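The values are calculated or read from the model by the stated rules, or taken from the named source; none is laboratory data. None of these values were measured; they are calculated from a predicted model. A quick note on method: Cβ atoms are made from the backbone with ideal geometry, for glycine too, and the neighbour counts reach across all protein chains shown.
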Amino acid sequence: MIFLSKEGEDEFINLFAKGCNTTPISTDDFAYESSTDSIILRGILKHKIMKRCWKDNRTFYYMDTGYFGNERTFRNPNGWKYWHRIVKNDLQHSEIIPRPDDRFKQFNKKFTPWKKDGRKILIAAPDEKPCKFYGVDKDEWVKQTVETIKQHTDRPVEVRERAPKRIDRIANDTLQLALDNDVFALVTFNSVAAIESIFYGIPAFTLAPNAASPVSLQDLSKINEPYYADSDKLHAWACHLAYGQFHTTELKSGQAMGMLLNG
């Protein structure tokens, strides 16, 4: 496998490579045509490589921020990014595969019962990275999304921009605070936002390939009738996501690769 490290300095790719007893390859030295080995890469801006792999039917593993476990908790008071999702030949784990609940249990996360008394539709606007991957103009996306929602509801619509600094996103300007402000449903591009919303009891509409797609809707014409998945489906979904993300210690030990190769 080729562990592709941005300029040789990607901390997590390098850690993963070390756990697999191999040496990462710097993006400066990478030649796509030099082999047909599977590629492990991190970050959505590697879109040219991923799209070429899709075209050539070449296996790749995509690494990015984990779905949960990186928020501020008693066990992670600083909200460090300890957890990283790894997806084979895709960007998201967008289906539900039956899994044991052992990995999900360690997060001690609970689903808040569905809240149905809010009034507003909250749009969590995407940042520039996923827009670039999908060839979307952010401002146009927001404009069209607002217009589409207003065709189907008279509920007030609010657009939330992602706070540029991570400390604000996890402490001072959290999505949870925004969801507490009379929100009926969340509309978003981003998986982590949709996942946070669903855990917090606010249904989501996902408008791009998204890890929350199995427990959300994609059709904005149903904005007044969101999907409230039952507790069994939510639990199965969360268990599957927990099996698709790995702690830095699992990257370093090689356990993550063992789980990936064994499905």
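Structure notes:
- In the condition set (1) at pLDDT 95 or above; (2) polar (S, T, N, Q); (3) within 20 Å of residue 79 (Cβ to Cβ), residue 190 is compliant with all but (1).
- Unique match (being touching a Ser or Thr at 6+ places or on another chain (Cβ under 6 Å) and within 30 Å of residue 18 (Cα to Cα)) among 211, 204: 211
Let's see how each residue does on (1) surrounded by 15 or more Cβ atoms within 10 Å (Cβ to Cβ); (2) basic (Lys, Arg); (3) touching a Leu at 6+ places or on another chain (Cβ under 9 Å); (4) modelled with pLDDT of 95 or more:
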position	(1), (2), (3), (4)
133	yes, no, yes, no
138	yes, yes, no, no
155	yes, yes, no, yes
165	no, yes, no, no
178	yes, no, yes, no
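- Selected residue (criterion: nearest to residue 196 (Cα to Cα)) from residues of the range 92-116 that are among the acidic types (Asp, Glu) and touching a residue at least 12 places away in the same chain (Cβ under 8 Å): 95
- Meeting the requirement of 3 or more residues that are assigned by TED's automatic domain parsing to the domain that holds residue 257 and under 30 Å from residue 15 (Cβ atoms), the strands (runs of 3 or more DSSP E) wholly within the range 65-166 are 83-88.
- If you go through the range 207-231 and keep only what is without any contact (Cβ under 8 Å) to a residue 60 or more places away in the chain and within 16 Å of residue 157 (Cα to Cα), you end up with 225, 226.
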